[in-house]
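The values are calculated or read from the model by the stated rules, or taken from the named source; none is laboratory data. All figures in this text were calculated on a predicted structure; none of them were measured in a lab. Neighbour counts run over all protein chains shown; Cβ positions are idealised from the backbone, glycine included. Protein only, heavy atoms only, side chains kept; ligands, DNA and RNA dropped before computing areas. Shrake-Rupley method; radii C 1.70, N 1.55, O 1.52, S 1.80 Å.
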Amino acid sequence: MKKILILGCTGSIGTSTLSIIKSMPESFRACGLVAHTSRNKVRELAQEFNCTGALTSEDPDCIRKLLIQTQPDIVVNGISGSNGLLPSKTVLDAGVDLALANKETVVMAWPLIKSLAEKNHARILPVDSEHSALFNLLERIGKGSVSELIITASGGPFREYTTEQLRHVTAAQALNHPTWKMGKKITVDSATLANKGLEVIEACRLFDVSPDNVKVVVHPQSIVHSLVRTIDGMLYGQISDPDMKHPILSALTWPETAYNYLTPFDLFDKSLTFFRPRTEDFPLLSYAYEAARNGGSYTIAYNAANEVAALAFLADKISFSDISRIVRTILDNDWKMLPDSFESVFDIDKKARTLAEQLI
């Protein structure tokens, strides 16, 4: 039986993880719960899952003490945004395997995070549905046989909107995602394709490939989660219903493929369609490729500016189109410096945020 500590236990990833634990009590046990707020909810969950270690703080020192107290086999990091970076560092400092749904950990500080994991013999297992699919495809096919990684994108709620319509969309419309139920910020990121941009950066780093070898295809049904093209030109994909329990369970059971309670995917009466992304109207995807190619701290600046702008849009301070304009302006600064510590990562992050806030 694996003991699991969940960071962000009241969010969508945490809730799905707890659902798995509840449905597979012979395989998993929740030994620790962490959430930023919702003290009463955390207390209820701790009682329901007979879990003695529970926190309503994402402070690294508190998480470090909880790791010592609970001795988990694996930690699921479902914390949203840049707040998830230091908790990831704390887990890897302790030499504990990390099931990672927090993409900012990779986007902001991958060289430092990778080095830390290697030093402490901890594994990083991707939980994003796209990267989980790529991870499993590469494990089965072998990276040496693969020439290209292909990430699918739902296209969000505005996939068919005209350029003129996009100028007038509201936060409420952006939060109405057609296939996934997620937190507010990541749902806005899906609408702008910034989330897919972050996933492109993440794929380049997790799998050590050039941005030129990572492609994005819009797939509204969200059934094919990623594909790989092998050197002979063939495509292989991972297919399942759009349910985050699949990639979470894959991370929790790795390296085994386990029988489980989830309903097998049914191919009958399904239609799959694929389109090119409209980067002229959703330029944040192109900007992410640019940041990935430029290296240095450009990906930190991209993430910081987008996070500030997306939250400002949710607060009705700026328009939908302003999000990409703000990110473009921030990226036009010099971000060539390569951070050599987590402190410098956050210094650069703060600088980019300040510049974005000034623009707003």
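Summary of values
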| read-out | value |
| --- | --- |
| Options E139, E160, E130, E118; residue that is charged (D, E, K, R), more than 27 Å from A301 (Cα to Cα) and assigned to a helix (DSSP H, G or I) | E139 |
| Failed item in (1) within 21 Å of the chain's Cα centre (by Cα); (2) open to solvent by 30 Å² or more (accessible area, probe 1.4 Å); (3) modelled with pLDDT of 95 or more, with N176 passing the rest | (3) |
| Filter pass, D243 being open to solvent by 50 Å² or more (accessible area, probe 1.4 Å) and over 14 Å from the mean Cα position of the chain (by Cα) | no |
| Pairs, first under 19 Å from G156 (Cα atoms) in the range 317-331, second surrounded by fewer than 16 Cβ atoms within 10 Å (Cβ to Cβ), C-beta under 6 Å, six or more apart | S321/R167 |
| Test result for L227, surrounded by 17 or more Cβ atoms within 10 Å (Cβ to Cβ), part of a helix (DSSP H, G or I) and in contact (Cβ under 8 Å) with a residue 12 or more places away in the chain | no |
| Helices (runs of 4 or more DSSP H) within the range 246-360 that include 1 or more residues under 23 Å from L112 (Cβ atoms) and of a type in the set (F, W, Y) | 284-294, 298-314, 342-359 |
| Single condition R325 does not satisfy, out of (1) of a type outside the set (A, V, I, L, M, F, W, C); (2) open to solvent by 10 Å² or more (accessible area, probe 1.4 Å); (3) within 21 Å of the chain's Cα centre (by Cα); (4) under 13 Å from T192 (Cβ atoms) | (3) |
| Matching residues in the range 1-56 - criterion: being charged (D, E, K, R) and either touching a Pro at 6+ places or on another chain (Cβ under 9 Å) or closer than 13 Å to Q71 by Cα (or both) | K2, K3, R29 |
